[in-house]
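Report on the structure given below.
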Amino acid sequence: MPRLLAALALLALGAPVVTAQTRPIPSPESVLGFVPGADRQLPTWQQVIDYFTRLDAASPRVSVRTLGKTVLGRPFLVAYIADSSTLANLERYRTIQRKLADPRLRAAGELEQLIRDGKNVILITSSIHSTEVGGFLTPFVLADRLARAETAEARSILANTIVMLVPSQNPDGVDIVGDWYRSTLDTPAEGSGPPVLYHYYTGHDNNRDWYAFTQPETRYTVDSLYTPWNPQIVNDIHQQGGNSGRIFIPPYMDPIEPNIDPILTAGTNSMGLAMAWRMTADGKLGVATNASYDQWSPARQYSLNHRGIRILTETASARLASPVEMTFAQLGTARGYDAKVASWNFPAPWLGGRWGIGDIVEYQSSASWALLVEAARDRTGWLTSYAALGDRALAADHPWRPGNDVPSAYVIPKAQGDMQALQRLIWTLQHGQVEVHETREPVTVVGRTYPAGSYLVPVRQMFGSYANALLEWQQYPNLREYPGGPPKAPYDVTAHTLPLLFGVEVAAVRGAAPAASAPIAAVAEPKYTVAGLSDGAGKRIGIYKSWSASMDEGWTRWMFDANRIRYTSLHDKEVRAGNLGSRYDVIIMPDQSAGQIARGLGRTAPDSLQGGLGQEGAAALKAFVEGGGTILFFNDASDYGIEVLDLPVRNFTAGIGRTELYAPGSLLGIEVDRSHPIAAGLTAPVPTVWFENSPTFEVTDPSRAKIVARYQATGDPLRSGWLLGGDKLNGKAALVEVTVGKGRAVLFGFRPQYRGQTMSTQPFIWDAIGRTLLP
Ligand SMILES: [Zn+2]
């Protein structure tokens, strides 16, 4: 048979076409030196790069691109995987995808053809959390299977799909955790987490950055993958604790964020249950759905706000790549099921036994494969429902919101107390694909008139529901564990109102939307600057860094670096050595419990990392303040300050149970003493703090302790999110300055720089440090 005919015949059979240029597809083992899932073996990031580079060179079905450098300078990769004919015409498929998403781009009658020609675009992100190490290896298994295309299923996936596989959403963490793991093999610390954050600034919070976009890794995925493609389906690969089910797959638990289009909730449910069904049929035990994880915070679920279903999978962990043994009797409960009892959402309990990284990789690949097969099987259905989302976004109302209490638009005046915060708000919205306009004429909202040319965000636009989620004040439902029982904890936090977080005035317009200009051009991210502290000599600042790593410490460093303010990280050893006044003017104690600060890491850690501040450290901090130094205690660290400095302040909240007072990440209003120097820089139009079951204060000696901010005397201080028992906070102090010898301690009963977002309360930090403002 002539060569061309032979090739066509092979194509008809669906077999791979082997051309002269094609090199053999490298096996993962040939690059790694071990099979993915082998006990006690983790790849380095360089090995991940090597494998995907070789795969790209060998397979016409794989195209690997570098999207940028991580915080610590590693290349951030994505592998596009599809039929070679699809990969050769990616731009054509992107045009189809955009037309499917946006009805304004479609000609009349074009939709049917677009659905026939389009592909299901599926983004797979792995190992954003670096102690969830199965996610380092599962991408090897998926890429290998798809590149080889040896089965009918694989060929059907390739024909119907464009896979964008991000082998790690946190490449730095692959080495931070991998290097630590290899260094602790055969020691008591084998299988433990590293003593530093596995993302340089954010640690585990790197998966809480999907609307604020503070980190470069978030931006690569948003800018290069989400924004150009808005995938139909997102598969986010994670791991959970090891003592209940073997894997969680959606449906999520309640609550759902009310701005998410129900098509996406229903699509997520349908896909998740199909995956669970298929895995169960394949003999996998311990598959749980409708458990543990909710569908609330946009911080974790970019896709649900941008036209894609979100399939989070959470596979049971071992001890990193070291196996564990677990008996059936040792299995416990998770939220939504008991791992020892079969139930509708957990039909086949796992029976216990050995569990290792091989099992984790097997479950993760099996789940992702089930997703890809299901998506390929009903490509038409997925594309049809995807196209409906655009029509609904541009419709006049949100029929799924009972009472339809959604404003028609938001007006944002251009004159604001904090112009950087205003610029950041516009940048943040636009970065999430929200169109921002200007008003054509003056707009009056609740008695206040905003001039023509103010910023305007109409809700009726492509991503208007997302804009509404970020601009409205959240009303988190009052959920209970059982009727009359204690509050049911959210999976993460309950508020995400950007105007309150940033401290920007925004007015919601009811009734007809004001006349709008065309969308304005993209606004640049501000160059963050703190007058009196950025780019200058300023104060000598130390930021305490525990070996029991605190994410708030990382976020604190991020905020200082973003504003170019110099600081030194202070470890236990240096604090314990004393004489701190010779090197520092100000020390910051980021949010961390008093016990962790005092005790640090436990006995399994290497000797050099053991112990926290201990008595020596506490004495050194006391001497520092008495000698004239300033210490800022953020949130829970305030308890440590009260204790070791013997402050005339009581943490009122400490003794109150969560059935009486509960606010698991909410925005609360405060009243501020404007005459106090620490309040000098506050400009937020609605002074609000980030409260996370935080301490609140009662002052026992007013001659030494001054209250800078307190909760209102009567009524509910909740502004956004969830607060139970708000009246308990009435009159209690939120921010206190205490004189100690020649120095002072400042207690923050909230997180003044929560996840890099609370620009509203950052001025308290700068003024508590004591900036030197030029006249
Ligand atoms: Zn995770």
| query | Quick check, is Tyr201 in a loop (DSSP other than H, G, I, E, B) and either more than 16 Å from the ligand (Cβ to nearest atom) or touching a residue at least 24 places away in the same chain (Cβ under 8 Å) (or both)? | reply | yes
| field | When residues of segment 416-439 are limited to those that are among the β-branched types (Val, Ile, Thr) and over 21 Å from the mean Cα position of the chain (by Cα), the one farthest from Val530 (Cα to Cα) | value | Thr439
| task | Go through Arg557, Arg540 for me and flag whichever is open to solvent by 60 Å² or more (accessible area, probe 1.4 Å) and out of contact with any His (no Cβ under 9 Å at 6 or more places or on another chain). | result | Arg540
| message | Quick check on segment 468-490. Is at least one of its residues farther than 17 Å from Gln295 by Cα, among the hydrophobic types (A, V, I, L, M, F, W, C) and crowded, with 20+ Cβ neighbours inside 10 Å? | response | yes
| said: Tell me yes or no: at least one residue of segment 422-437 is outside any helix (DSSP H, G or I), over 28 Å from Ala101 (Cα atoms), touching a Pro at 6+ places or on another chain (Cβ under 9 Å) and of a type in the set (D, E, K, R). | reply: no
| query | Quick check: is even one residue across segment 166-185 away from the ligand (no atom under 16 Å from the Cβ), touching a Leu at 6+ places or on another chain (Cβ under 9 Å), open to solvent by 10 Å² or more (accessible area, probe 1.4 Å) and closer than 30 Å to Arg392 by Cα? | reply | no
| field | Candidates Glu132, Glu153, filtered to the one that is open to solvent by 10 Å² or more (accessible area, probe 1.4 Å), within 16 Å of the ligand (Cβ to nearest atom), under 22 Å from Ile311 (Cβ atoms) and among the charged types (D, E, K, R) | value | Glu132
| said: If I go through segment 323-358 residue by residue, how many of them are open to solvent by 50 Å² or more (accessible area, probe 1.4 Å), over 16 Å from Thr280 (Cα atoms) and in contact with a helix residue (DSSP H, G or I) (Cβ under 6 Å, 6 or more places away or on another chain)? | reply: 0
| request: For segment 614-627, state whether one or more residues are of a type in the set (Val, Ile, Thr), within 32 Å of the chain's Cα centre (by Cα) and under 28 Å from Thr761 (Cβ atoms). | output: no
| query | Hey, any hits in segment 158-165 for a residue that's within 25 Å of the chain's Cα centre (by Cα) and not β-branched (Val, Ile, Thr)? | reply | yes
| query | Considering only segment 186-214, how many residues are more than 13 Å from the chain's Cα centre (by Cα) and either among the aliphatic types (A, V, I, L, M) or open to solvent by 30 Å² or more (accessible area, probe 1.4 Å) (or both)? | reply | 9
| request: Examine segment 120-129 for a residue that is open to solvent by 20 Å² or more (accessible area, probe 1.4 Å), in contact with a helix residue (DSSP H, G or I) (Cβ under 7 Å, 6 or more places away or on another chain) and on the phi < 0 side of the Ramachandran plot, and state whether such a residue exists. | output: no
| message | Condition first: touching a Ser or Thr at 6+ places or on another chain (Cβ under 9 Å) and farther than 26 Å from Asp378 by Cβ. Now tell me which residues in segment 222-242 satisfy that. | response | Gln239, Gln240, Gly241, Gly242
| query | Is segment 598-616 home to any residue that is among the aliphatic types (A, V, I, L, M), at pLDDT 95 or above and under 27 Å from Arg771 (Cα atoms)? | reply | no
| query | Applying the selection to segment 81-129, what residues are over 22 Å from Tyr220 (Cβ atoms) and within 16 Å of the ligand (Cβ to nearest atom)? | reply | none
| query | In this structure, does Gly245 turn out to be in contact with a strand residue (DSSP E or B) (Cβ under 9 Å, 6 or more places away or on another chain), closer than 25 Å to Ala376 by Cβ and small (Gly, Ala, Ser)? | reply | no
| query | In the list Val446, Val457, which residue meets the criterion of being over 27 Å from Tyr293 (Cα atoms) and at pLDDT below 95? | reply | Val446
| note | Picking from Glu660, Glu698, the residue that is touching a helix residue (DSSP H, G or I) at 6+ places or on another chain (Cβ under 8 Å), open to solvent by 40 Å² or more (accessible area, probe 1.4 Å) and assigned to a strand (DSSP E or B) would be Glu698
| query | Only one residue in Pro483, Pro407, Pro399, Pro477 is in a loop (DSSP other than H, G, I, E, B) and closer than 28 Å to Ala521 by Cβ, so which one is that? | reply | Pro407
| task | Return a yes/no flag: does segment 420-430 have any residue that is open to solvent by 40 Å² or more (accessible area, probe 1.4 Å), at pLDDT 95 or above and more than 30 Å from Gly241 (Cα to Cα). | result | yes
| note | Looking across segment 304-322 at residues that are within 16 Å of the ligand (Cβ to nearest atom) and under 30 Å from Ala101 (Cα atoms), the single one that is surrounded by the fewest Cβ atoms within 10 Å (Cβ to Cβ) is Leu312
| remark: The correct count of residues that are among the acidic types (Asp, Glu) and closer than 28 Å to Leu470 by Cβ in segment 664-703 is 2
| Has segment 333-346 got any residue that is among the acidic types (Asp, Glu) and touching a residue at least 12 places away in the same chain (Cβ under 8 Å)? | no
| query | Residue check: is Asp727 open to solvent by 10 Å² or more (accessible area, probe 1.4 Å) and part of a helix (DSSP H, G or I)? | reply | yes
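This table checks each residue for (1) touching a Lys or Arg at 6+ places or on another chain (Cβ under 8 Å); (2) open to solvent by 20 Å² or more (accessible area, probe 1.4 Å); (3) over 22 Å from Tyr386 (Cβ atoms).
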position: Ala58; (1), (2), (3): yes, no, yes
position: Val71; (1), (2), (3): no, yes, yes
position: Ala82; (1), (2), (3): yes, no, no
position: Ala108; (1), (2), (3): no, yes, no
| remark: Residue hits (segment 135-147; open to solvent by less than 10 Å² (accessible area, probe 1.4 Å) and more than 16 Å from the ligand (Cβ to nearest atom)) are Phe140, Leu142, Ala143, Leu146, Ala147
| request: Name every residue in segment 246-276 that is more than 19 Å from the chain's Cα centre (by Cα) and of a type in the set (A, V, I, L, M), in order of residue number. | output: Ile247, Ile263, Leu264, Ala266, Met271, Leu273, Ala274, Met275, Ala276
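The values are calculated or read from the model by the stated rules, or taken from the named source; none is laboratory data. The shown structure was predicted, so the numbers you read here are calculated from the model rather than taken from an experiment. Note that we place each Cβ from the backbone using ideal geometry, even for glycine, and neighbour counts take in every protein chain shown. Protein only, heavy atoms only, side chains kept; ligands, DNA and RNA dropped before computing areas. Shrake-Rupley method; radii C 1.70, N 1.55, O 1.52, S 1.80 Å.
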